[in-house]
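Everything on this sheet refers to the single structure shown next.
The values are calculated or read from the model by the stated rules, or taken from the named source; none is laboratory data. A quick note: this is a predicted structure, and the numbers were derived from the prediction, not measured. Accessible surface is based on the protein model in full, side chains and every heavy atom, while ligands, DNA and RNA are left aside. Shrake-Rupley method; radii C 1.70, N 1.55, O 1.52, S 1.80 Å.
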Amino acid sequence: MSTGSGADSAPAPKSTHDTAAAGSTRRGTFSSLAIRNYRLFFSGAIVSNIGTWMARITQDWLVLQITGSSVAVGITTAMQFLPMLLFGLYGGVIADRFAKRSILFVTQSAMGLGGLFLAAMTLSGHVQVWHVYVTAFFTGLVTVVDNPTRQSFVSEMVGPDQVRNAVSLNSANFQSARLVGPAVAGGVMAAVGPGWAFLANGLSFLAPLAGLALMRTAELRPTKLAPRGKGQLREGLDYVSKRPELIWPIVLVGFVGTFGFNFPIWLSAFAHDVFHGGSGMYGLFNSLMAIGSLIGALLAARRGTTRLRLLAGAAGLFAIIEVAAAMAPGMVLFVALLLPIGVLGLTVNVTANASVQMATDPEMRGRVMSLFMMVFTGGTPLGGPLFGWLTDEYGVRVSLALGGLICAVASLGVGLMLARAANLRLKVDLRRGRRHLEFVPREQLATAA
């Protein structure tokens, strides 16, 4: 269960520059865990998330070992995220139309069965690359519905005052599992083979299913279900297109997700081709990024507000450090840069996610979040094969640097568009003792002139 985030609250004030959540008073880093239903959800999710990360690391390394091709790893990633690109918006319609807890019983069971299938193929010695592709595509199909449903369901458990905290804790949950999963996967693969890692993933989904079954339904805050009707997809797109505080964060995460988050390709290639290590080194790289991401998630959980300027700034720094990592001459510097990449990548994800949710009316949240996830992860079928080809043809350093440069340009462009939408302009003051660059209201700039 990839922990996402959701919100079911009264519409927050829409600001084109800063988006503040309801109940912005700090209540502690782990305040959402005081709610029993959310504790059950959180506990089940961390078990299945560890299994999910074990499967991700194992499948990427297995494909690389079978084929010796980074393109094949990119295709595997693309197959997993292609359904989101093709059908992502329909998942939001389903999430808004049906009871979310019931949907999650179905989707989590299906994901478990997918993991068990791949385990059976691998343990029997009959696994081929196309088995991995089929399983990845099936998992992607289930995720189309699971992702917006799960994110919206979080809000039904915690209520409006705890939405931001729950968003951040969900990310911390996922990144904690990312820290443990690769290390466990590396040990399991070295000790008994990849099939047992896939088996562990399939069985791990029993934990979230148990959590859903034990919840007290009377304590949930279900959203009013959308009635069956025509034009619901178009309604969601029209809703987003008229709100710059929604569309520009979604555009930015689309660029970052497509061009900046191809880490299965880059990290496996750095481990295999640049530093000539094995699966243990690949797992180490993923664990180090997870440490940074976990730090970013915990910092986000303590943050009282969600500001769009933080989103643009974090995306810009994320891109710059990616370029620096691409040029790192040795392993020590490369490893050191993985931590801030993890922190900033997670900050971009959480900030964009919370900003979009808190600026969206509850009855539209499933469709808006499905668009968010479609854009964020749906670009992977394009970016995965592209950057896999670049890695094979020109080397992983060129591939990673190009991805970082594209994200840097996108963060600058989106930052300027957000400032324009908020009626802000960039003020340049080169005098000593003054802030040299800052965004100020247009009226203030005119007065100063």
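Structure data summary
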{"quantity": "Debye intensity ratio I(q)/I(0), log10, region 253-392, q values 0.09, 0.10 Å⁻¹ (C-alpha model)", "calculated": "-0.30, -0.36"}
{"quantity": "Distant-in-sequence amide H partners of Gly277 (H built 1.01 Å from N, under 5 Å)", "calculated": "His272"}
{"quantity": "18 Å tail of the calculated P(r), region 205-293, as % of Cα pairs", "calculated": "73 percent"}
{"quantity": "Derived scalar couplings ³J(HN,Hα) [region 104-117; Karplus, 6.51 cos²θ - 1.76 cosθ + 1.60; whole Hz; x for Gly, Pro]", "calculated": "5, 4, 6, 5, 5, 5, 5, 5, x, 5, x, x, 5, 4"}
{"quantity": "Mean accessible surface per residue for region 45-125, computed with a 1.4 Å probe while every protein chain stays in place, in Å²", "calculated": "35 Å²"}
{"quantity": "Whole-percent carbon and sulfur share, accessible surface of region 171-210, 1.4 Å", "calculated": "78 percent"}
{"quantity": "For region 260-390, accessible area per residue (1.4 Å probe, heavy atoms of protein chains only), Å²", "calculated": "29 Å²"}
{"quantity": "Accessible surface of region 50-101 [probe 1.4 Å, protein heavy atoms]: carbon and sulfur percent", "calculated": "69 percent"}
{"quantity": "In sequence order, calculated HN-Hα J values of region 36-41 (Karplus, 6.51, -1.76, 1.60; Hz; x Gly/Pro)", "calculated": "4, 4, 5, 4, 4, 4"}
{"quantity": "Karplus-derived HN-Hα couplings along region 352-364 (A = 6.51, B = -1.76, C = 1.60, θ = phi - 60°), whole Hz, x at Gly and Pro", "calculated": "5, 4, 5, 4, 5, 5, 6, 9, 10, 5, x, 6, 9"}
{"quantity": "Where only alpha carbons of region 90-164 are counted, the Rg and the Dmax (Å)", "calculated": "15.6, 51"}
{"quantity": "Range of Cα positions in region 106-216 per principal axis (Å), largest first", "calculated": "51, 26, 24"}
